[in-house]
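Following: one structure in structure tokens, then a few remarks.
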Amino acid sequence: MSVEQKLSSLGFQLPEASQPVGSYVNAVRSGNLLHISGGLPILGEEKYLGKVPSECDLSTAQKAAQVALLTRLAVIKAEIGSLDNVKQIISLSGFVNADADFTAHPQVINGASDLLVEIFGDAGKHSRAAVGCSSLPLGVSVEISLIIEIKE
């Protein structure tokens, strides 16, 4: 089963890769590593906004992490042609727009991490940072960036 078929069987659909909205590129390749810029949980009218947990509860923030991840997977596909060309997810950095006393950042980012393992199996296991922030672009709840290894 292809990675996209696996995604579909889990009830997810890959969006089109969005274009950068600032002075950066979506991805930079160095050898077999692909560094993916941060992505937001916005798919058309579907937007996940607000501080966690006062404006966006934990389960909604986990969904936001999944949506942000899907936007990053779309970038990967656009860059390397197929998600089946991913050899290993190396690292995930997750940022949570958190209330000052919120400390469950890892649980929020588990939304993305768990989905990567579900999709890619052992190749989806990765190192990670889960960080709380006082704000994120456009007021979103979560931002996700990745480093992946590409098959030769």
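No lab work stands behind these numbers, since they all come straight from the coordinates. All figures in this text were calculated on a predicted structure; none of them were measured in a lab. Here Cβ is always computed from backbone atoms with ideal geometry, including for glycine, and neighbour counts include all displayed protein chains.
Under the convention that each Lys and Arg Cβ holds +1 and each Asp and Glu Cβ holds -1, the size of the dipole of the chain around its Cα centre is about 280 debye. Note the angle between two axes, namely the Cα long axis of helix 105-120 and the longest principal axis of the Cα atoms of the chain, as a number of degrees from 0 to 90, rounded to the nearest 10. For 105-120 against the chain, the angle is about 20 degrees.
Computed from the Cβ-Cβ distance with R0 of 41 Å, the FRET efficiency linking Gln5 to Ser134 stands at 0.55.
By how many nm would the segment from Tyr24 to Asp114 grow when fully extended, if each residue of separation counts as 0.36 nm and the alpha-carbon distance is taken off? Could the numbers behind the result be given before it?
On the way: separation 90, 0.36 × 90 = 32.40 nm, distance 2.79 nm.
Result: 29.6 nm gained on full extension.
Rank Glu45, Glu55, Glu79 by mean-square fluctuation in a GNM of the chain with C-alpha springs under 10 angstrom and give only the top-ranked residue. For the chain, modelled as a Gaussian network with Cα springs under 10 Å, the answer is Glu45. For the chain, the number of Lys pairs separated by eight or more positions or lying on different chains, with C-alpha atoms closer than 30 Å, is 21. Rounded to the nearest 10 degrees, the inclination of helix 58-80 to the longest alpha-carbon principal axis of the chain is 30 degrees.
Of the residues Phe120, Phe12, Phe95, the one that moves most in a GNM of the chain with alpha-carbon contacts below 10 Å is Phe12.
Just checking the listed ones, Thr60, Thr103, Thr71: in the Gaussian network model of the chain with Cα springs under 10 Å, the one fluctuating most is Thr103. Dividing the mean sequence gap of close Cα pairs (under 8 Å, 6+ apart) by how many residues the chain holds gives a relative contact order of 34 percent.
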